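The values are calculated or read from the model by the stated rules, or taken from the named source; none is laboratory data. In this text, all values refer to a predicted model and were calculated from it rather than measured experimentally. Backbone-built Cβ (ideal geometry, glycine too); neighbour counts: all protein chains shown. In case anyone asks, the SASA skips ligands and DNA or RNA and just uses the protein heavy atoms, side chains included. Shrake-Rupley method; radii C 1.70, N 1.55, O 1.52, S 1.80 Å.
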Amino acid sequence: MYSASDLKKGLKIEIDGDPCMITNFEFSKPGKGQALYRCKIKNLITGNTFDKTYRSVEKVNKCALMSRDFTFSYIDGENYVFSDNETFEEVMLSEELLGDLKYFIVDDMEVEILFHNDRALDITLPNFVEMEIAETEPGARGDTATNVMKPAKLSNGYEINVPIFINEGDMVRIDTRTGTYSDRVAKG
């Protein structure tokens, strides 16, 4: 159990059996009476946010979150199957849970999955992934203005903006946190 004075932004707590995270925190001490801790809280399962105020004497439940390393195995319909690196137990994650991260998952990729009571909540991919450009317009010769970008399609159908010097077949490094182009990968 946490006491109200332990609360801070980013702390993960449990409310009514659901894992939650404090996204905003405000302390106030009125002229008389107890100190108040106003928190904006996000439910990690539903994604809903709500406000809750704690008095200084209240206790808050700790959240039992566990993170384990997995390796991507294969796609089964709309589910992505990952294998535990230690026990080889398989876990299926839906496309809905993965969101846009599904475009950056490649064979044998090592990922970290966050669990609450054996239920997968979140997945963390490596910060960068290398992928091939499948389709893009050729760059206009002589167009050397700084930061000129053009649309490009990856082999899995995801579209990103790349600099004009990138051509079809080039390998590029993509930041999985933002889904944007990072740099070109040297051939060879």
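Can residue 77 be described as open to solvent by 60 Å² or more (accessible area, probe 1.4 Å) and on the phi > 0 side of the Ramachandran plot?
Working: open to solvent by 60 Å² or more (accessible area, probe 1.4 Å): yes; on the phi > 0 side of the Ramachandran plot: yes.
So residue 77 passes the test.
Could you pull out every one of the strands (runs of 3 or more DSSP E) wholly within the range 1-83 that has 1 or more residues that are among the polar types (S, T, N, Q)? Give the steps one after another, and end with the answer.
Details: elements: 12-15, 18-28, 36-43, 49-55, 59-62, 65-76.
Output list reads 18-28, 36-43, 49-55, 59-62, 65-76.
The sole residue among 176, 136 that is touching a residue at least 60 places away in the same chain (Cβ under 8 Å), open to solvent by less than 40 Å² (accessible area, probe 1.4 Å) and either more than 24 Å from residue 44 (Cβ to Cβ) or hydroxyl-bearing (Ser, Thr, Tyr) (or both) is 176.
Can you confirm whether residue 100 is more than 26 Å from residue 14 (Cα to Cα), assigned to a loop (DSSP other than H, G, I, E, B) and among the charged types (D, E, K, R)? Spelling it out, it is not the case that residue 100 is more than 26 Å from residue 14 (Cα to Cα), assigned to a loop (DSSP other than H, G, I, E, B) and among the charged types (D, E, K, R). Residues in the range 23-52 that are of a type in the set (A, V, I, L, M) and under 19 Å from residue 63 (Cα atoms): 41, 44, 45.
Criterion first (over 24 Å from residue 21 (Cα atoms), at pLDDT below 90 and in contact with a helix residue (DSSP H, G or I) (Cβ under 8 Å, 6 or more places away or on another chain)) does residue 156 satisfy it?
Values: over 24 Å from residue 21 (Cα atoms): yes; at pLDDT below 90: yes; in contact with a helix residue (DSSP H, G or I) (Cβ under 8 Å, 6 or more places away or on another chain): yes.
Yes, satisfied.
Taking the range 112-129 as the search range and keeping residues that are within 11 Å of the chain's Cα centre (by Cα) and free of Cβ contacts under 8 Å to residues at least 60 places away in the same chain, which one is surrounded by the most Cβ atoms within 10 Å (Cβ to Cβ)? Please lay out each step first, then the result.
Here is the first cut: in the range 112-129, the ones within 11 Å of the chain's Cα centre (by Cα) are 112-114, 121-127.
Of the ones still in play, those that are also free of Cβ contacts under 8 Å to residues at least 60 places away in the same chain are 112-114, 123-127.
Numbers: 112: 13, 113: 19, 114: 17, 123: 21, 124: 14, 125: 18, 126: 12, 127: 12.
In this case the residue turns out to be 123.
Residue 70 meets all of the listed conditions (1) more than 14 Å from residue 121 (Cβ to Cβ); (2) of a type in the set (A, V, I, L, M, F, W, C); (3) at pLDDT 90 or above but one, namely (1). Does the range 22-40 contain any residue that is among the hydroxyl-bearing types (Ser, Thr, Tyr) and closer than 30 Å to residue 96 by Cα? Checking the range 22-40: at least one residue is among the hydroxyl-bearing types (Ser, Thr, Tyr) and closer than 30 Å to residue 96 by Cα. Could you tell me which residue of the range 99-111 is farthest from residue 86 (Cα to Cα), considering only residues that are open to solvent by 40 Å² or more (accessible area, probe 1.4 Å) and not basic (Lys, Arg)? So, considering only residues that are open to solvent by 40 Å² or more (accessible area, probe 1.4 Å) and not basic (Lys, Arg), the one farthest from residue 86 (Cα to Cα) is 100.
Evaluation of residue 3 against the conditions (1) surrounded by 12 or more Cβ atoms within 10 Å (Cβ to Cβ); (2) among the polar types (S, T, N, Q); (3) over 28 Å from residue 132 (Cβ atoms); (4) free of Cβ contacts under 8 Å to residues at least 40 places away in the same chain shows that the sole unmet condition is (4).
So that you can scan it fast, the table gives a plain yes or no per residue for (1) open to solvent by 60 Å² or more (accessible area, probe 1.4 Å); (2) without any contact (Cβ under 8 Å) to a residue 12 or more places away in the chain; (3) among the charged types (D, E, K, R):
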site: 149; (1), (2), (3): yes, no, no
site: 153; (1), (2), (3): yes, no, yes
site: 158; (1), (2), (3): no, no, no
site: 166; (1), (2), (3): no, no, no
